[in-house]
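Worksheet: one structure, shown below.
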Amino acid sequence: MIKKLVTLFMLTALAAVSAKAVLAADTLVEVKKKGVLVAGVKDSLPPFGYIDEKSRQIVGYDIDFINAIAKKLGVKVELKPVTSASRMPQLQEGHIDIIAATMTKNPERTKVIDFSHTYFFTGQKFITKKGAVKSLKDLEGKRIGTAKGSTSEQNVKKAIPSATVLSFDDYPQALLALQQGKVAAVTTDEAILAGILAKAPNKAQFEIPSVQISEEPYGLGMRKGDKNFVDFVNKTILEMEKSGEAARIFSKWFGPTTQFHLNRSFKITADK
Ligand code: GLU
């Protein structure tokens, strides 16, 4: 019995030490040593992270930020698809070095991980059947699809308490449910909705009404207390703003030659 307890104690101590090792590791040093930056990204959300039909590679706005950071570090890039629910555990368990996956920075998440300065800005809206929704009232008591582990899921429950929220692994599955008439709306960040709607086969039947329920600033996620790495990433994205590279990346994915025609309403600045 005592022997068993001692073993249990030793195993617990060992687990605590190795967990701490992952938490305390200096990712900047580690990444340079292994020669590769492993990023958790979305792979079905154009234009943030999706599989390019021709090259079969994951491409997008989030990926271009990772490529720029890796270039500055002089290392290769490895992209690992994550979902909204899996991205923080993947980072904490050391399977990825950084999250670049449409992720909103908020106080609740900042307790668990660290974020870069804001590198994209959007707000939460809905996709509905054309003409069906003029105000939030029209969604009361309705079934609404979104993704597990997202701020979208939390915000919509607060904004429309009478709605039944159905949480899918990711937004394309929620859109499919809308197309099949299983939900009355899909909700998440407007920039994501615009991207999945643009790819939908019967998109003419749907629209994004101008009803917004939140603001969503995106940050690159890193392990809590990984200060050197966070500083490096922040310095890099501020330089990208200054050199015009950040604006070029925005324009490439959202500008006048794309189907989105979005204006860049933000600049990357140091958080206060
Ligand atoms: N930006 C929101 C979030 O971080 C919604 C998009 C997503 O699920 O990634 O939760």
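Here are a few things to note about the model shown:
- Of the residues making up the stretch 177-193, those that are farther than 17 Å from PHE260 by Cβ and either touching a residue at least 60 places away in the same chain (Cβ under 8 Å) or within 12 Å of the ligand (Cβ to nearest atom) (or both) are VAL186, THR187.
- Failed condition for GLY145, given (1) closer than 29 Å to GLN90 by Cα; (2) in contact with a helix residue (DSSP H, G or I) (Cβ under 7 Å, 6 or more places away or on another chain); (3) surrounded by fewer than 18 Cβ atoms within 10 Å (Cβ to Cβ); (4) not hydrophobic (A, V, I, L, M, F, W, C): (3)
- Any hit, the stretch 133-148, residues being within 11 Å of the ligand (Cβ to nearest atom), at pLDDT 95 or above and of a type in the set (Asp, Glu): no
- Within the stretch 152-161, the residues that satisfy the criterion of being open to solvent by 10 Å² or more (accessible area, probe 1.4 Å) and within 11 Å of the ligand (Cβ to nearest atom) are GLU153, GLN154, ASN155.
- Within the stretch 22-62, the set of residues being outside any loop (DSSP other than H, G, I, E, B) and open to solvent by 60 Å² or more (accessible area, probe 1.4 Å) comprises LEU23, ALA24, VAL29, GLU30, LYS32, LYS33, LYS34, ILE51.
- Here LYS130 passes the criteria (1) touching a helix residue (DSSP H, G or I) at 6+ places or on another chain (Cβ under 8 Å); (2) within 16 Å of the ligand (Cβ to nearest atom); (3) open to solvent by 60 Å² or more (accessible area, probe 1.4 Å) except the one numbered (2).
- Among the residues listed as PHE206, PHE168, the single one being in contact with a strand residue (DSSP E or B) (Cβ under 7 Å, 6 or more places away or on another chain) and within 12 Å of the ligand (Cβ to nearest atom): PHE168
- Failed criterion for ALA185 (all others in (1) farther than 30 Å from ASP271 by Cα; (2) open to solvent by 10 Å² or more (accessible area, probe 1.4 Å); (3) in contact with a Ser or Thr (Cβ under 7 Å, 6 or more places away or on another chain) hold): (2)
- Against the list (1) in contact with a helix residue (DSSP H, G or I) (Cβ under 7 Å, 6 or more places away or on another chain); (2) buried (at least 24 other Cβ atoms within 10 Å of the Cβ), the condition LEU79 fails is (2).
- Where ARG87 falls short, out of the listed (1) more than 23 Å from GLN212 (Cα to Cα); (2) more than 14 Å from the ligand (Cβ to nearest atom); (3) charged (D, E, K, R): (2)
- Among the conditions (1) surrounded by 16 or more Cβ atoms within 10 Å (Cβ to Cβ); (2) more than 30 Å from GLN259 (Cα to Cα); (3) polar (S, T, N, Q), THR164 misses just one, which is (1).
- Among the residues of the stretch 82-93, those that are open to solvent by 40 Å² or more (accessible area, probe 1.4 Å), assigned to a loop (DSSP other than H, G, I, E, B) and not acidic (Asp, Glu) comprise THR83, ALA85.
The values are calculated or read from the model by the stated rules, or taken from the named source; none is laboratory data. Please read all numbers here as calculations on a predicted model, not as lab measurements. Positions of Cβ are backbone-derived with ideal geometry, glycine not excepted, and every protein chain shown enters the neighbour counts. Please note that ligands, DNA and RNA were not included when accessible areas were found on the heavy atoms of the full protein model with its side chains. Shrake-Rupley method; radii C 1.70, N 1.55, O 1.52, S 1.80 Å.
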